[in-house]
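S.K.: Take a look at this one; I'll ask things after.
A short reminder: the numbers here are calculations on the coordinates, not readings from a lab. Please read all numbers here as calculations on a predicted model, not as lab measurements. Positions of Cβ are backbone-derived with ideal geometry, glycine not excepted, and every protein chain shown enters the neighbour counts.
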Amino acid sequence: MKTIRYILIASLCVFFASMVLTEASAQGIRSDLTKEGTLEQVLKRGKQGVLRVGMSTFVPWAMKDKEGKLIGFEIDVAQRLARDMGVDVEFIPTKWSGIIPALLTGKFDIIIGGMGIRSERNIKVNFSIPYDYTGMSIVAHTKLASGFDSLDDFNRTDVTIAARIGTTAASSVQRLLPRAQLKLFDDESQAVQELLNGRVHALVASAPLPAFQALKYPDRLFLPLKENFTREPIGFAVTKGDVDFLNFLNSWIIVVEAEGWLQERKHYWFETRDWENLIQ
């Protein structure tokens, strides 16, 4: 009889313990469901809501005009996104090499900066569906790279390639030109200057920057390849697990793409030079 009583008491203890754990688990789920996501925080920030955008300068994605005002394709995209949300936009310039850590620490709500959707980045952040596609291009020094007309010509130990640190341009050089020496810079303007000074053979960067540099300095630079040598999707980057915010961004991309607005803005910034007088 004692044995039976012990078994009954033990069973009751297990039952009540499981009930407590189940209730705690349910409370945790309810807490997660009611917790404010990024979208709600953006709408409630300040007087009428503020979307904080992490970005870095890349011509013509984002740059400063003569008056110091930010302009460019990504600036247009961020401003239209904020306007459609009914909120203000705050741009937070950040070094590209530290832009993902800054997002994860809450410095801003979203990265809108021509960021390629890549698996190693996707481990740390969530990406929206693509709102653009870009590719890597190469611009070379006329004298140092004379006669070069293929990637194989640059894949040599005596060749030095410049790229911006933390970019897909840098990883593309490491992957496709493993024998070349890679020289990294915090800013693409520094890399361009290094190329103009003849201290590197070429610069790899997202199109259309290489083509713009070749047009700007035709006596010193040229395009050894007629087309981009990679193609990659571009997406918004947000913190992981924020389903509502990600859903809103994906829906927004579908709408403005269907309108033709994204294509119109890309044509202006990437296929014309109508904006050049704004920065000179």
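S.K.: Against the 2.2 N^0.38 Å scaling, with N counting residues, where does the stretch 136-222 land? I'd like the Cα-based Rg ratio to two decimal places.
M.R.: 0.94
S.K.: Given a cut-off of 31 Å, name the pairs among LYS124/LYS266; LYS107/LYS266; LYS66/LYS240; LYS216/LYS266; LYS66/LYS143; LYS66/LYS124 whose C-alpha atoms lie farther apart than that in the structure shown.
M.R.: LYS66/LYS240; LYS66/LYS143; LYS66/LYS124
S.K.: Starting from the Cα of LEU278, step 7 Å toward the Cβ, then list every residue of the stretch 49-86 with an amide N under 14 Å from that point.
M.R.: Residues 58-80 fall inside that zone.
S.K.: With +1 on each Lys and Arg Cβ and -1 on each Asp and Glu Cβ, how big is the dipole of the chain about its Cα centre, in debye rounded to the nearest 20?
M.R.: 940 debye
S.K.: Oh, and also: With every atom except the alpha carbons ignored, what do you get for Rg and Dmax of the stretch 152-280, in angstroms?
M.R.: Radius of gyration, then largest Cα-Cα span, for the stretch 152-280: 17.7, 52 Å.
S.K.: Would you report the distance distribution of C-alpha pairs in the chain as whole percents per 5 angstrom bin, up to the bin with the largest distance?
M.R.: Here the calculated profile for the chain is 1, 5, 11, 14, 15, 13, 10, 8, 5, 4, 3, 3, 2, 2, 2, 1, 1, 1, 0, 0, 0.
S.K.: For SER171, SER119, SER251, SER56, what's the fewest-to-most ordering of other Cβ within 10 Å of each Cβ?
M.R.: SER119, SER251, SER171, SER56
S.K.: Sorted by average packing, counted as other Cβ atoms within 10 angstrom per residue and highest first, what order do 95-103, 219-227, 201-209 take?
M.R.: 201-209, 95-103, 219-227
S.K.: Let me ask another. Quick one: GLU36, GLU67, GLU188, fewest Cβ neighbours within 10 Å first, how do they rank?
M.R.: Fewest-to-most Cβ neighbours within 10 Å comes out as GLU67, GLU36, GLU188.
S.K.: Would you kindly compute the Cα radius of gyration of the stretch 221-265 and its largest Cα-Cα separation (Dmax), both in Å?
M.R.: Using the Cα atoms of the stretch 221-265, the pair Rg, Dmax is 15.9, 47 Å.
S.K.: With +1 on each Lys and Arg Cβ and -1 on each Asp and Glu Cβ, and nothing else charged, work out how big the dipole of the stretch 136-222 is about its Cα centre, in Debye to the nearest 20.
M.R.: For the stretch 136-222, the charge dipole is close to 80 debye.
S.K.: Still on this structure, please answer the following. In nm, to one decimal, how far is the ALA211 label point from the GLU227 one, both placed 7 Å along Cα→Cβ?
M.R.: The modelled label-to-label distance comes out at 1.3 nm.
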